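The values are calculated or read from the model by the stated rules, or taken from the named source; none is laboratory data. Fair warning: this is a prediction, and the values are worked out from it, not measured in the lab. Neighbour counts run over all protein chains shown; Cβ positions are idealised from the backbone, glycine included. Heavy atoms of the whole protein, side chains included, go into the accessibility calculation; ligands, DNA and RNA do not. Shrake-Rupley method; radii C 1.70, N 1.55, O 1.52, S 1.80 Å.
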Amino acid sequence: MSSYYCNDEYWMRQAIMLAERAEVDGEVPVGAVLVLNDDAIGEGWNRSIGHHDPTAHAEMIALRQGGGKVRNYRLLGAVMYVTLEPCVMCTGAMIHARIGRLVFGARDKKTGAAGSLMNVLCHPGVNHRVMLTAGILALACSAQISDFFRRRRLLQKANRQAM
């Protein structure tokens, strides 16, 4: 197994831990880590609900932190690790930031913009190409989000029955 792949798993595990923080906060459990030269320069977990901010996705927060750390919005060579396939907004921001590579765990058939619903990264009109690695720790990432929504549905059902 290459060290490249081992590093991918290491950083994805970090993203999974961040996603756990999102769930504790009552958010959809998505976590992201932005890495440059094998150093985390940004991290985030979903905070849209708590911050009343539609842009407070894990990836956007990690990109903001990374830009602040390197003091540049261009994050050349950085790698974004995220537990769930990013949406259009987040993939667009990654292109604009000129990250080098996106690594995600679980596919998102409803809103995924890196190959599932659409592939913004490969659109002929974009001015930067982001390398893509999909499916790193996919089962763990998929289970994390599926279990969250299953528990949420059960809680909603119990609340309706209690009324």
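Condition check ((1) under 19 Å from R107 (Cβ atoms); (2) of a type in the set (S, T, N, Q); (3) over 16 Å from the mean Cα position of the chain (by Cα)) across all residues:
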| site | (1), (2), (3) |
| --- | --- |
| M17 | no, no, no |
| E59 | yes, no, no |
| M80 | yes, no, no |
| T83 | yes, yes, no |
| M89 | yes, no, no |
Filtering segment 107-123 down to residues that are in contact (Cβ under 8 Å) with a residue 12 or more places away in the chain and part of a loop (DSSP other than H, G, I, E, B), which residue is farthest from G31 (Cα to Cα)?
M118
Consider only pairs whose beta carbons are under 9 Å apart and that are at least six residues apart or on different chains; among these, list those whose first residue lies in segment 81-98 and is under 22 Å from M17 (Cβ atoms) and touching a residue at least 12 places away in the same chain (Cβ under 8 Å) and whose second residue is open to solvent by 30 Å² or more (accessible area, probe 1.4 Å) and of a type in the set (K, R).
L84/R107; E85/R107; E85/K109
If I ask for residues that are assigned to a loop (DSSP other than H, G, I, E, B) and either touching a Cys at 6+ places or on another chain (Cβ under 6 Å) or open to solvent by less than 30 Å² (accessible area, probe 1.4 Å) (or both), which ones from segment 76-100 would you list?
A78, E85, P86, C87, I99, G100
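Matching residues to (1) without any contact (Cβ under 8 Å) to a residue 60 or more places away in the chain; (2) within 21 Å of V103 (Cβ to Cβ); (3) open to solvent by 40 Å² or more (accessible area, probe 1.4 Å):
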residue: G125; (1), (2), (3): yes, no, yes
residue: M131; (1), (2), (3): yes, yes, yes
residue: C141; (1), (2), (3): no, yes, no
residue: Q144; (1), (2), (3): no, yes, no
residue: D147; (1), (2), (3): yes, no, yes
residue: R153; (1), (2), (3): yes, no, yes
Taking helices (runs of 4 or more DSSP H) that fall entirely within segment 1-75, which contain at least 2 residues that are modelled with pLDDT of 95 or more, buried (at least 24 other Cβ atoms within 10 Å of the Cβ) and touching a Cys at 6+ places or on another chain (Cβ under 9 Å)?
3-24, 58-70
Test A158 against the stated conditions and say whether it is assigned to a helix (DSSP H, G or I), within 16 Å of the chain's Cα centre (by Cα) and more than 23 Å from V35 (Cα to Cα).
no
Evaluate the following for V103: is it farther than 22 Å from Q14 by Cα and open to solvent by less than 90 Å² (accessible area, probe 1.4 Å)?
no
Residues (out of contact with any Asp or Glu (no Cβ under 9 Å at 6 or more places or on another chain), of a type in the set (A, V, I, L, M, F, W, C) and under 14 Å from L132 (Cβ atoms)) located in segment 79-101
I95, I99
